[in-house]
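What follows is a set of notes on a single structure, which appears directly below.
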Amino acid sequence: MTPSSFNLAGYENYDAYLEARQIRDNGDQKTVPSTNYFLVDENDRVLAMVDIRHNLMDYLFNVGGHIGYSVRPAERRKGHATRILAEALRKCDELGIQRVLVTCNDDNIGSAKTIIKNGGVEDKSFKEEDGTVVRRFWVER
Ligand SMILES: CC(C)(COP(=O)(O)OP(=O)(O)OC[C@H]1O[C@@H](n2cnc3c(N)ncnc32)[C@H](O)[C@@H]1OP(=O)(O)O)[C@@H](O)C(=O)NCCC(=O)NCCS
């Protein structure tokens, strides 16, 4: 599940998940404050989801970034990621985040294009312990 904050596993039902989300919205000991949004169609079918982290701690600065998103597999390559990232950047404006970090693994061409289309300027990459190379982009607001 990407972003992992949408993972329903471990919750008895959706209400329990939402309750946990509410705590996470305000930040807890493990996570920074964050907000989740769904992109839905006219029938309320979920097309994409996005997690906005309000600030960066070490892991997010190197790997996760401010914004994580994913698109329903059957709905990919229709512009939904580009749209949901653009909307998330507007939410970052409301939160007063002026430099937004967005990252992707170096083999994720679709995500890199999505970030660049939204004004991402590439910074130094980060290499994780398992060798995964994370590309890091800043969007100036
Ligand atoms: C990466 C992901 C978010 C892209 O979503 P999407 O809705 O298909 O993206 P868009 O339709 O907005 O496409 C943006 C650009 O990337 C290109 N693109 C998308 N997927 C691609 C792929 N697999 N290979 C090459 N290019 C791709 C599109 O053609 C478009 O470029 P263009 O405007 O030049 O044509 C989606 O594949 C996904 O959810 N992947 C799994 C989760 C994930 O990787 N999330 C990002 C974590 S950093």
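The values are calculated or read from the model by the stated rules, or taken from the named source; none is laboratory data. Remember, predicted model here, so these are calculated numbers, not experimental data. As a convention, Cβ positions derive from the backbone with ideal geometry for all residues, glycine included, and neighbour counts pool all protein chains shown. The accessibility values were calculated without ligands, DNA or RNA, using every heavy atom of the protein model including side chains. Shrake-Rupley method; radii C 1.70, N 1.55, O 1.52, S 1.80 Å.
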Matching residues, the range 25-46, being exposed (fewer than 14 other Cβ atoms within 10 Å of the Cβ) and part of a strand (DSSP E or B): 38, 40, 46
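Kindly indicate which of 109, 115 is surrounded by 13 or more Cβ atoms within 10 Å (Cβ to Cβ) and within 14 Å of the ligand (Cβ to nearest atom).
Numbers: 109 fails: surrounded by 13 or more Cβ atoms within 10 Å (Cβ to Cβ).
Residue meeting the stated conditions: 115.
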Near pairs, Cβ below 8 angstrom, 6+ apart or cross-chain, from the range 1-22 (farther than 25 Å from residue 65 by Cα) to any residue that is outside any helix (DSSP H, G or I): 14/8
Yes/no for residue 52 being among the β-branched types (Val, Ile, Thr), open to solvent by less than 20 Å² (accessible area, probe 1.4 Å), within 14 Å of the ligand (Cβ to nearest atom) and in a helix (DSSP H, G or I): no
Can you confirm whether the range 26-35 contains a residue that is touching a strand residue (DSSP E or B) at 6+ places or on another chain (Cβ under 7 Å) and more than 16 Å from the ligand (Cβ to nearest atom)? yes
Would you mind finding the one in 74, 88 that is within 14 Å of the ligand (Cβ to nearest atom), free of Cβ contacts under 8 Å to residues at least 40 places away in the same chain and on the phi < 0 side of the Ramachandran plot? 74
